Amino acid sequence: MPLRSDRRVVGLAVVSLVLSTLTVLTIARERVDEPLQILRNDYPSVVEQGQKATFSFVVMAREGFEDVRKRCLSAPKYGADDDYADGWARRLLDLFFDAYSRLGTTRGGPTVCGLVSMGYYMYLGAITWASPDGRRVGEPLSDSVAPSHFAPALGPTATHRSVTKAIDSLRTPNGITFNQKMSEATLLTPREISKWADLVRTFIETGGQSVQYSVVNREALVDAQAHPERYQDLIVRVGGYSARFVDLSKEVQDTIIARAEQELR
């Protein structure tokens, strides 16, 4: 039997924001090399001695690049139901799917694509430049298809709509990891549970493939870091799998705490 080969995308939000944000920056600055130097050097406040740079890059460096980072933070972002940013994510994924759909395995099987990060978003972030979503060098990438931590927190409807606009789930037979953290305080009544069910139903009916939820509040996660013995049964979604929160490294725990806490209204 021919064996299939799988290919995965990690950090969709960060990669798509490279395209959408750099487009915004270069429209204003006209040069793509200057924003790239800024990212390579982690939004530096000064130009290091001996660093190669254009004259305008040096002038900007003297003034500091925090202004550039602020412009990056305010640029349109995937995950906020923004058609411009979501459109860039869709174009990127379609290029990825088209490229690999033409390839087969050495045994004649198909190559299938998936959007599953597992824990790779931590490792890859550690060896990646700063990125145009505002992320600093070495910080984790976005978790699979979830929005960047720097995307506006506009609620679960916005994040779910972005996913359905950006991803053609018929082209991801290897699966999708879409992790969301829901506030347990907003899911305490039958009416709230019904609203949650409507959200999931609408997500699937409009093209979503799968979504995974951790129902927990930030305060409990922070307390679990300080007092792990009290939270031995606290289970969270990581990046394609579930795990006991207290068994995870502090670095992974921090990324889960940093996820936007969604509330149904």
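Which numbered condition trips up Ile127, out of (1) closer than 23 Å to Arg171 by Cβ; (2) out of contact with any helix residue (DSSP H, G or I) (no Cβ under 7 Å at 6 or more places or on another chain); (3) modelled with pLDDT under 90?
Unmet condition: (1).
Identify all residues within the stretch 124-145 that are more than 14 Å from the chain's Cα centre (by Cα) and not in a loop (DSSP other than H, G, I, E, B); write none if there are none.
Ala126
From the list Pro156, Pro147, pick out the single residue that is under 24 Å from Leu264 (Cα atoms) and touching a Phe, Trp or Tyr at 6+ places or on another chain (Cβ under 7 Å).
Of the residues listed, the single one that is under 24 Å from Leu264 (Cα atoms) and touching a Phe, Trp or Tyr at 6+ places or on another chain (Cβ under 7 Å) is Pro147.
Would you call Phe245 within 20 Å of Gly79 (Cα to Cα), at pLDDT 90 or above and buried (at least 18 other Cβ atoms within 10 Å of the Cβ)?
no
Which of the residues that make up the stretch 96-146 are at positive phi and not hydrophobic (A, V, I, L, M, F, W, C)?
Gly108, Gly134, Gly138, Ser144
Run down Arg218, Arg237, Arg230 and say which single residue is free of Cβ contacts under 8 Å to residues at least 24 places away in the same chain, among the basic types (Lys, Arg) and touching a helix residue (DSSP H, G or I) at 6+ places or on another chain (Cβ under 9 Å).
Only one candidate passes the filter, namely Arg230.
Any residue at all in the stretch 160-171 that's without any contact (Cβ under 8 Å) to a residue 60 or more places away in the chain and in contact with a Leu (Cβ under 6 Å, 6 or more places away or on another chain)?
no
May I ask you to verify whether Glu184 is within 30 Å of Ser101 (Cβ to Cβ), among the charged types (D, E, K, R) and either out of contact with any Leu (no Cβ under 6 Å at 6 or more places or on another chain) or free of Cβ contacts under 8 Å to residues at least 12 places away in the same chain (or both)?
The answer is no for Glu184.
Is it the case that Thr106 is β-branched (Val, Ile, Thr), out of contact with any Gly (no Cβ under 9 Å at 6 or more places or on another chain) and surrounded by fewer than 18 Cβ atoms within 10 Å (Cβ to Cβ)?
Yes: the conditions hold for Thr106.
Exactly one of (1) touching a Gly at 6+ places or on another chain (Cβ under 7 Å); (2) modelled with pLDDT of 85 or more is unmet by Gly119. Its number?
So the condition that Gly119 fails would be (2).
Say whether the condition of being exposed (fewer than 15 other Cβ atoms within 10 Å of the Cβ), over 18 Å from Ser144 (Cβ atoms), at pLDDT below 95 and of a type in the set (Asp, Glu) is met by at least one residue in the stretch 196-210.
No: zero hits.
Identify all residues within the stretch 74-110 that are touching a Leu at 6+ places or on another chain (Cβ under 9 Å), outside any helix (DSSP H, G or I) and over 20 Å from Gly134 (Cα atoms); write none if there are none.
Thr105, Thr106, Arg107, Gly108, Gly109, Pro110
The values are calculated or read from the model by the stated rules, or taken from the named source; none is laboratory data. Computed from a predicted model, the values in this text were never measured in an experiment. As a convention, Cβ positions derive from the backbone with ideal geometry for all residues, glycine included, and neighbour counts pool all protein chains shown.
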